[in-house]
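Just below is one structure, and these are the notes that go with it.
The values are calculated or read from the model by the stated rules, or taken from the named source; none is laboratory data. Remember, predicted model here, so these are calculated numbers, not experimental data. Positions of Cβ are generated from backbone atoms using ideal geometry, with glycine treated the same way; all protein chains shown enter the neighbour counts. With ligands, DNA and RNA removed, areas are computed over all heavy atoms of the protein, side chains included. Shrake-Rupley method; radii C 1.70, N 1.55, O 1.52, S 1.80 Å.
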Amino acid sequence: FPTRRSSDLKVLKKEYDDRQAFWTTTEFEPDLKNAMIKTTHEPAMRYYSILFERYLPALQAGDDAARAAALTDMEAAYQQHRTAVDSLVANTNKFNARVEVETAQSIVEGRVGMLIIWLLALLSVIGFSVLLARYLLRVLGGDPQVAMQVVQAIASNDLHQPVTVQAGDRHSLLA
């Protein structure tokens with residue numbers, strides 16, 4: 001077996017180990033992480049172990065029986081790894097679908113919350129406006145147009161214009 005191919009396989013194994021180290025230190029869904037770093041990893045390690053310890057030496061030695069036995073064991077390890085990966089992908093897809101539904105629900109809840117806040121703010125502004133209008137009417141003693149006419153008459157020295165105020169009003173501008 002050419003040395004170049006053997007070193008290519010060692011590079012692939014190192015890349016696999018690097019990805020495995022990444023997933024081992026990454027935080028995510030515990031069940032998915034367990035599947036990623038254990039369930040799929042164990043058959044992969046068995047595959048690489050058979051490859052480097054049995055298959056390649058048998059291939060280099062020209063031992064066809066040992067090579068065939070190693071290849072059979074490698075195929076079994078690969079199938080176990082492949083099944084674990086397929087299961088991991090299916091579970092990851094289910095997890096992603098659940099996260100998408102939860103995220104959509106959170107967005108809806110956020111929009112409802114924003115709508116409630118907007119409505120409360122609107123009601124507060126309306127309530128404040130009503131209170132302010134009532135306060136101004138009380139201070140003026142009536143309709144602002146009437147108060148303006150009275151003030152203009154007084155400003156032009158017309159003190160004969162009658163001023164109508166509400167009964168009991170002794171503190172407003174018109175009183």
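Ranked by accessible surface with a 1.4 Å probe, highest first, in what order do Leu159, Leu119 come?
Largest accessible area first, the residues go Leu159, Leu119.
For region 22-51 and region 134-170, what is the separation of their C-alpha centers, rounded to whole Å?
Each part's Cα centre sits 86 Å from the other's.
Name the lysines eligible as straight-distance cross-link partners of Lys33: C-alpha to C-alpha under 18 Å, and not fewer than 8 places from it in the same chain.
Answer for Lys33, where 18 Å is the Cα cut-off: Lys94, listed by chain and number.
Can you compute the modelled spin-label distance between Trp118 and Glu102, with each label point 7 Å from Cα toward Cβ, in nm?
The modelled label-to-label distance comes out at 2.8 nm.
Compute the normalised compactness of the chain: alpha-carbon radius of gyration over 2.2 N^0.38 Å, N being the residue count.
Taking the Cα Rg and dividing by 2.2 N^0.38 Å, one obtains 2.69.
Explain nothing, just the number: relative contact order of region 1-75, from Cα pairs under 8 Å at least 6 residues apart, as a whole percent.
Normalised by residue count, the contact order of region 1-75 is 28 percent.
Straight-line reach from Lys38: which aspartates and glutamates fall under 16 Å, measuring Cα to Cα and dropping same-chain residues less than 8 apart?
Candidates past the 8-residue exclusion: Asp17, Asp18, Glu27, Glu29, Asp86.
Students often check this: by mean Cβ neighbours within 10 Å, which of 38-48, 73-83 ranks highest, and how do the rest follow?
Highest-to-lowest ranking by the protection proxy: 38-48, 73-83.
Normalising by the residue count of the chain, find the relative contact order in percent from Cα pairs under 8 Å and 6+ residues apart.
Rounded, it is 15 percent for the chain.
Which value does Rg/Rh take for region 94-170 over its C-alpha atoms, Rh per Kirkwood?
Values: Rg = 26.6 Å, Rh = 17.3 Å.
With Rh from the inverse mean 1/r over Cα pairs, Rg/Rh is 1.53.
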